[in-house]
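One structure below.
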Amino acid sequence: MLADSVEANGESWFLARVCRLAAHEDIAGVVAFSDPVPRLLPTGQVGWIGHWGCIDQASTALYLGRTTPRRKTLLPDGATFNERSSSKLLGWSAATATSRSGCTALVLRHGAVT
């Protein structure tokens, strides 16, 4: 998903570029996910409006169904903390030091103590 400030056709250009680069590297396909569920902040304001993957639908992509539902914890600033973030922090995944430090920063920002 690209920022709203990206000019018209930005998503189309980006998707086409990704597919061309993938084909150049002998990658047979690209998997995309959308998240149509809006999330409300504790204040009642919408923190995330969700998205339906409109550019995927407009391309030659195939809809293959939904993934397994997962729990996400919505933090006060609208950030989400999910199972994958938790596994990175606990060292249960092969996360890089960079992604692990990003998860650590997220929970510290919301009051976790080291």
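The values are calculated or read from the model by the stated rules, or taken from the named source; none is laboratory data. These numbers were taken from a predicted model, which means no experiment stands behind them. Reconstructed Cβ throughout: ideal geometry from the backbone, glycine too, with neighbour counts over all protein chains shown. Ligands, DNA and RNA are stripped out before the accessible areas are found, and what is left, the full protein with its side chains, is counted by its heavy atoms. Shrake-Rupley method; radii C 1.70, N 1.55, O 1.52, S 1.80 Å.
Some notes on this structure:
- In region 1-61, the inverse of the mean reciprocal separation of distinct Cα atoms equals 13.5 Å; this is its Kirkwood hydrodynamic radius.
- Put a plus charge on the Cβ of each Lys and Arg, a minus charge on the Cβ of each Asp and Glu, and nothing anywhere else: the dipole of the chain about its Cα centre is then about 500 debye.
- Directionally averaged shadow of the chain, computed from the convex hull of its alpha-carbon atoms, nm²: 9.7 nm²
- Per residue, the solvent-accessible area of the chain (1.4 Å probe, heavy atoms of protein chains only, all protein chains present) comes to 81 Å².
- Our helix-only sum for the chain, with -39,500 (n - 2.57) per DSSP H run of n ≥ 4 divided by its residues, gives a mean residue ellipticity at 222 nm of -10500 deg cm²/dmol.
- Apolar share of the accessible surface for the chain: 59 percent from carbon plus sulfur atoms, 1.4 Å probe.
- The chain, relative contact order [Cα under 8 Å, separation at least 6], %: 14 percent
- Inter-probe distance in nm under a simple model that places probes 7 Å from Cα toward Cβ, at TRP48 and LEU74: 1.0 nm
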